[in-house]
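Reading through the structure tokens given below for one structure.
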Amino acid sequence: MTSLKHICKQAFIKPNNKHFFLKRNIASTTLNENYSNNYDIIIAGGGIVGCSLACTLGKNNKLSNKRILLIESSKNTPFTLPEKYSNRVVSLNPGTKKLLTDIDAWRHIESARFGIVKRLQVTDALSDASICFGEETSSENVSYIIENNLLIYAVKKELERLKNVEVLYEEKIKEYHLPDAAESHVNLHLENGGQYSCDLLIGCDGLNSRVREAMGVQYLNWNYNNVGIVATLKFSEEINNCIAWQRFLPTGPLALLPLTSSMSSLVWATTKEHAQQLLGMSNEQFVDALNEALWKVYQRSNIIDRTLKAFDTLLRASNIPADLHRRYPPKIDSIDGRARFPLGFGHATNYIGKGVALVGDAAHRIHPLAGQGVNLGFGDISCLNKVLSDAIYAGSSLGNVSFLRDYESERQKYNVGMMAVVEGMYRLYRTDFTPIVLLRSLGLQATDVFYPIKKMMVNQASL
Ligand SMILES: Cc1cc2nc3c(=O)[nH]c(=O)nc-3n(C[C@H](O)[C@H](O)[C@H](O)COP(=O)(O)OP(=O)(O)OC[C@H]3O[C@@H](n4cnc5c(N)ncnc54)[C@H](O)[C@@H]3O)c2cc1C
């Protein structure tokens, strides 16, 4: 990776200077001779998805002679692993871990730190129903818990080694001109006046994507009445901490994601009013509220309890033992770094256009209850990487819609399915209406003992 800012510094040119592009030949002695502001691919936005996409494309042999530029508006802050864990983590599925291994980024995470989820236990606060995913459904770990800043650092470490990828930090893209039928290039303008063009623009600019706006595609979206509270939790004792716990409360789902033998990360989705109260509490009061949320026995309907017991007896009589694997969450002792995040749903009706594609949160945004948001983005990366290889192999231009359409249809098929399941779960668990609680509890209990279905669910979520 060659940072333009760095090159400018060496050549004593201010990048904001309007003559920058005239003088770039002086500054580009360390770059290839055809250096210009025209690239094959420009990636707008260098968050987790944009950086990982740049690295994946940069390492693709079929694209090795293509010039790729990544533009990110935030600073390239140097990273050293702090003793304290960050409160922003993501749960990465085995498919995402494989992609990170393929681009050599996983080794940097491995030599730093991460949590392993061997088992996921989901419970309903309004009944005794529970479901468990783990060793019995897959030989793989369920997921891996990584701090967001460590993940970006690991990918950037590999990005730095690539000669065909350049990165511009602290530069915001102001405007996009997408090609009409007669044109073949995308043009874009930076806030500092700089102009670039490319064959393919990839929008990885997050949920408020300006690339998506420029494409003029429809975007189905809404905000949830839920907000997400995150924090790092410490237990009163060391445990074999390899279980991710999720409890669906009447106010929203609460999840503990393992980090170390005595620490987990909290993602607590709750109503805005409740979040306000929780964030106004002292640390001690918050810990009490959290322990109560994990353990509280809510008032339950007799009908639900009796029907579930009868169902359990039926399963046992049929020699299908239910509830064998239920474990109980640890007691929380202290917390650190509380913060809140808005939660919403969003989906672009189109992910592509001539010379342009959307990837990650720019294309889709979901509730974090299933920990799938960024994993969907990594699935997009894998698919787009393959589609662009096919385009090169066929001698086509990178912005050719007929190839990009393969990316769109494959990813929409998968993403829409996953988003519908997550949205369905969110709605199903938002109510305390007895018939619905009864139905979802029976469904959960039945699925828990029916391994082929569980296995299928795990496989689908791991792609
Ligand atoms: C509380 C919470 C918990 C979550 N937990 C999980 C989880 O467990 N597992 C999971 O898979 N997902 C999870 N997610 C979702 C996940 O965090 C997101 O899907 C992911 O961070 C999106 O990454 P992205 O790179 O697509 O977008 P972003 O992170 O939004 O990155 C976009 C980037 O584009 C840059 N940018 C924007 N506009 C411009 C511009 N005009 N010019 C230049 N740069 C620009 C921004 O600076 C930013 O760096 C969670 C989300 C929340 C809120």
Look at residue 140 and say whether it is farther than 30 Å from residue 441 by Cα and of a type in the set (Asp, Glu).
no
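Within segment 330-358, restricting attention to residues that are of a type in the set (Val, Ile, Thr) and crowded, with 17+ Cβ neighbours inside 10 Å, which residue is nearest to residue 417 (Cα to Cα)? Working first, answer last.
Within segment 330-358, the subset of a type in the set (Val, Ile, Thr) is 332, 335, 349, 352, 356.
Still in the running and crowded, with 17+ Cβ neighbours inside 10 Å: 332, 335, 352, 356.
Values: 332: 35, 335: 36, 352: 19, 356: 23 Å.
Taking the candidates together, the pick is 352.
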So in segment 360-375, with the set limited to residues that are among the aliphatic types (A, V, I, L, M), over 20 Å from residue 121 (Cβ atoms) and more than 7 Å from the ligand (Cβ to nearest atom), which one is surrounded by the fewest Cβ atoms within 10 Å (Cβ to Cβ)?
366
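Determine whether residue 310 is of a type in the set (Gly, Ala, Ser), assigned by TED's automatic domain parsing to the domain that holds residue 116 and under 17 Å from residue 335 (Cα atoms). Even if it seems obvious, please write down each step before you answer.
Values: of a type in the set (Gly, Ala, Ser): yes; assigned by TED's automatic domain parsing to the domain that holds residue 116: yes; under 17 Å from residue 335 (Cα atoms): no.
When the stated conditions are applied, residue 310 does not pass them.
Checking the condition modelled with pLDDT of 90 or more, of a type in the set (A, V, I, L, M, F, W, C) and more than 14 Å from the ligand (Cβ to nearest atom), which residue from 229, 239 passes? Let's see the steps before the verdict.
Values: 229 fails: more than 14 Å from the ligand (Cβ to nearest atom).
Exactly one of 229, 239 is modelled with pLDDT of 90 or more, of a type in the set (A, V, I, L, M, F, W, C) and more than 14 Å from the ligand (Cβ to nearest atom), namely 239.
Name every residue in segment 93-104 that is farther than 18 Å from residue 54 by Cβ and not basic (Lys, Arg), in order of residue number.
Step one: of segment 93-104, the residues farther than 18 Å from residue 54 by Cβ are 93-95, 97-98.
Those that are farther than 18 Å from residue 54 by Cβ and not basic (Lys, Arg): 93, 94, 95.
Just checking: which of the strands (runs of 3 or more DSSP E) contained wholly in segment 174-237 hold 1 or more residues that are among the small types (Gly, Ala, Ser)? If you could, list the steps in order and put the result at the bottom.
Details: elements: 186-190, 195-203, 219-235.
Qualifying strands (runs of 3 or more DSSP E): 195-203, 219-235.
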If you check 130, 86, which single one turns out to be within 14 Å of the ligand (Cβ to nearest atom) and either crowded, with 21+ Cβ neighbours inside 10 Å or of a type in the set (S, T, N, Q) (or both)?
86
The residue from 201, 190 that alone is within 20 Å of residue 40 (Cβ to Cβ), at pLDDT 95 or above and near the ligand (Cβ under 10 Å from one of its atoms) is 190
Residue 379 in a loop (DSSP other than H, G, I, E, B), surrounded by 18 or more Cβ atoms within 10 Å (Cβ to Cβ) and not aromatic (Phe, Trp, Tyr):
no
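So for segment 242-258 (the condition being of a type in the set (D, E, K, R) and surrounded by 15 or more Cβ atoms within 10 Å (Cβ to Cβ)), does at least one residue qualify? Give the steps one after another, and end with the answer.
Quick first cut of segment 242-258, residues of a type in the set (D, E, K, R) only: 247.
This time we only want the ones that are surrounded by 15 or more Cβ atoms within 10 Å (Cβ to Cβ), so: 247.
Yes, that holds for at least one residue.
Looking only at segment 386-413, count how many residues are of a type in the set (D, E, K, R) and closer than 21 Å to residue 102 by Cβ.
First, the residues of segment 386-413 that are of a type in the set (D, E, K, R): 386, 390, 405-406, 408, 410-411, 413.
Right, trim to closer than 21 Å to residue 102 by Cβ and you get 386, 390, 406, 410-411.
Of the residues in segment 386-413, 5 are of a type in the set (D, E, K, R) and closer than 21 Å to residue 102 by Cβ.
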Output the qualifying pairs, or none if there are none: Cβ atoms under 7 angstrom, residues six or more apart or on different chains, first residue in segment 132-161 and more than 12 Å from residue 93 (Cα to Cα) and of a type in the set (D, E, K, R), second residue modelled with pLDDT of 95 or more and within 14 Å of the ligand (Cβ to nearest atom).
147/86; 147/88; 147/89; 156/51; 158/55
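Test of understanding: among 392, 381, which residue is of a type outside the set (Lys, Arg), within 11 Å of the ligand (Cβ to nearest atom) and either at pLDDT 95 or above or not assigned by TED's automatic domain parsing to the domain that holds residue 274 (or both)? Spell out the reasoning first.
Values: 392 fails: within 11 Å of the ligand (Cβ to nearest atom).
Going through 392, 381 in turn, the sole match is 381.
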Given the criteria in contact with a Ser or Thr (Cβ under 6 Å, 6 or more places away or on another chain), away from the ligand (no atom under 16 Å from the Cβ), in contact (Cβ under 8 Å) with a residue 12 or more places away in the chain and assigned by TED's automatic domain parsing to the domain that holds residue 373, does residue 62 qualify?
yes
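The values are calculated or read from the model by the stated rules, or taken from the named source; none is laboratory data. All values reported here derive from a predicted model rather than from experimental measurement. Positions of Cβ are backbone-derived with ideal geometry, glycine not excepted, and every protein chain shown enters the neighbour counts.
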